[in-house]
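Structure record follows, encoded as structure tokens.
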Amino acid sequence: MRKFLPRLGSTELWLIAVIAVICGGLALTTDTFLTLVNLLDLLNYSAVNVIFAAGLLVVLVAGGIDISFAVAASVVQYLVATTLLSLGGGGWALGFALSIGFGALLGAFNAALIYHFRIISIVVTIATFNLFFGLLMFFTDGVSIYNLPDWLVERVVLFEHETANGWAELTLPVAIMAVVVLATWLLLRRLTLGRQLFAMGDNPEAARRLGISIGKMHYLAYGWLGACAGIAGLMQMHYAQEVVPNALYGRELEVLAAVVLGGARLGGGRGTLLGAVLGLALIAITQNGLNLLGISPYAFRMIVGAIILIAICMSGETLDVLRARLARRRAITRQQEALS
């Protein structure tokens, strides 16, 4: 039984401690943070970001990076909505199939550019971020879609309870989030493919010599993120009951900050799903707390930017350079002491 329980590393323990301190502070300074309504609303809203984070973790573990997934989810929303309407409505099975299929195709497009043309992943995804969003706005003129199938806009409530502050509800995106997190955990921790992703992220050349197909791993990682983005887009449609072209624009940065805060190394080969979820929880609680305290939302952007900057500075490559410089300085110091 113990092997199925998550192992708490130093990063996870640190995040749990920080989250506990922040929650305690918000409980003392606000009247609504610890209410059931606010906590479940926070969970419902964060479900889409957790789905994003699960997919992004796979890419980071494999040694890549992707900042186009949120825009890809917006593209999938429009493709799925228009396809469903043209087919007369469909149902949940068709909606999930289309979302996963369209999302995986967009992820495979990124993988093809990165692997076959040997382009750095951050450069490719910056380009596709602008390409996807530009095409979306060009063909839709930025017009939202409100006429969605009835089954998609009908709220699926898993749990509800009336409180003094209103109705507290747990909705479908939370259940789908749990399924995606479980599937990602199985991929990374219980399948050979997951170990191959870690190996490629840690040392691509060594992984290639061991017989691991680097191309296959690229398509798996980015395709998985694309499929997660598609599912997240579908859940966002269900949650918001509309399709807005820029509704998910900007979420890529807070999700990236959360995943690296959770211990995923930008250089690849390291990261845990528990750490990613805890990192996202810290980001979401911080944002919620700032809103409840009436603090400017620009403060949240500063926090996200600082987290990404710190993560880059503490990445494996940067630390290796610092260690090498420190070793050289120590060698020079010892030589000078020997000469004196």
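Just so it is clear, none of the values below were taken in a lab; they were calculated from the coordinates. Model, not experiment: these values are computed from the prediction. Neighbour counts run over all protein chains shown; Cβ positions are idealised from the backbone, glycine included.
Identify, among Ala206, Gly226, Leu187, the residue whose Cα sits farthest towards the positive end of the charge dipole of the range 172-243, taking +1 on the Cβ of Lys and Arg and -1 on the Cβ of Asp and Glu, with the dipole about the Cα centre.
So the residue we want is Ala206.
Relative to the present Cα-Cα distance, how much length would full extension add between Arg195 and Met302 at 0.36 nm per residue of separation?
The Arg195-Met302 span can extend by a further 35.0 nm.
Helix 251-261 versus the longest principal axis of the chain: what angle, 0 to 90°, nearest 10, using Cα atoms?
40
Please report how far the C-alpha centroid of the range 1-76 lies from that of the range 206-263, rounded to the nearest whole angstrom.
Measuring centre to centre over Cα atoms gives 14 Å.
Residue farthest toward the positive end of the dipole of the chain, with Cβ of Lys/Arg at +1 and Asp/Glu at -1: which of Asn147, Met237, Tyr249?
Among Asn147, Met237, Tyr249, the one farthest towards the positive end of the dipole of the chain is Tyr249.
When averaged across all projection directions, what area in nm² does the alpha-carbon convex hull of the range 118-226 cover? Intermediate results must be reported in sequence, preceding the final value.
Numbers: hull surface 46.1 nm².
The number I arrive at for the range 118-226 is 11.5 nm².
Using just the alpha carbons, could you tell me how many Å³ per residue the convex hull of the range 224-307 encloses?
Details: hull volume 9.8 nm³, N = 84.
Cα-based convex hull of the range 224-307, divided per residue, equals 117 Å³.
Using the Cα centre of the chain as the reference point, and only Cβ charges (+1 on K/R, -1 on D/E), how large is the resulting charge dipole? Debye, rounded to the nearest 20.
Working: 21 positive and 18 negative charges, 404 e Å.
Charge dipole, the chain, about its Cα centre: 1940 debye, nearest 20.
What list of ³J(HN,Hα) couplings, whole Hz, do you get for the range 61-72 from phi and the Karplus terms 6.51, -1.76, 1.60, once you set θ to phi - 60° and write x for glycine and proline?
Whole-Hz 3J(HN,Hα) from phi for the range 61-72: 4, 6, x, x, 8, 9, 10, 9, 5, 5, 5, 4.
Which of Asn288, Val124, Leu36 sits closest to the plus end of the dipole of the range 2-296, meaning its Cα is farthest towards the positive end, when Lys and Arg get +1 and Asp and Glu get -1 on the C-beta?
Val124
Helix 214-240 sits at what angle to the longest principal axis of the chain, using alpha carbons and giving 0 to 90 degrees rounded to 10?
Helix 214-240 and the main axis of the chain meet at about 40 degrees.
Compute the acute angle (0 to 90°) between the alpha-carbon long axis of helix 316-339 and the principal axis of greatest extent of the alpha-carbon atoms of the chain; round to the nearest 10°.
20
So what are the ³J(HN,Hα) numbers for the range 49-56, from phi and the Karplus equation (6.51, -1.76, 1.60; θ = phi - 60°), rounded to whole Hz, Gly and Pro as x?
5, 5, 4, 4, 4, 4, x, 5
Please compute P(r) over all alpha-carbon pairs of the range 1-101, binned at 10 Å starting from zero, and give each bin as a whole-number percent.
Percent of pairs per bin, in order: 11, 24, 31, 24, 9, 0.
Based on the Kirkwood radius over alpha-carbon pairs, what is the Stokes-Einstein translational diffusion coefficient of the range 62-194 at 4 °C with 1.567 mPa s viscosity, in µm²/s? Could you put the intermediate results ahead of the total?
On the way: Rh = 17.5 Å.
For these conditions, the coefficient is 74 µm²/s.
Once R0 is set to 35 Å, what does the formula 1/(1 + (r/R0)^6) return for the Cβ-Cβ distance between Glu160 and Asn246, expressed as a FRET efficiency to the nearest 0.05? Present the calculation step by step, with values, prior to reporting the outcome.
Numbers: r = 31 Å, r/R0 = 0.87.
According to the calculation, E is roughly 0.70.
Neighbouring Cβ atoms within 10 Å as the yardstick, rank Leu172, Leu28, Leu182 fewest first.
Numbers: Leu172 18, Leu28 9, Leu182 12.
Fewest-to-most Cβ neighbours within 10 Å comes out as Leu28, Leu182, Leu172.
Can you tell me the mean projection area, over all orientations, of the convex hull of the chain's alpha carbons? Units nm², please. All intermediate terms of the calculation are to be shown ahead of the outcome.
On the way: hull surface 91.1 nm².
Mean projected area for the chain: 22.8 nm², to one decimal.
For the range 272-283, what does the Karplus curve 6.51 cos²θ - 1.76 cosθ + 1.60, with θ = phi - 60°, yield as ³J(HN,Hα) per residue in whole Hz, taken in order and with x for Gly and Pro?
The phi angles translate into 10, 5, 4, x, 4, 5, 5, x, 5, 4, 5, 4 Hz.
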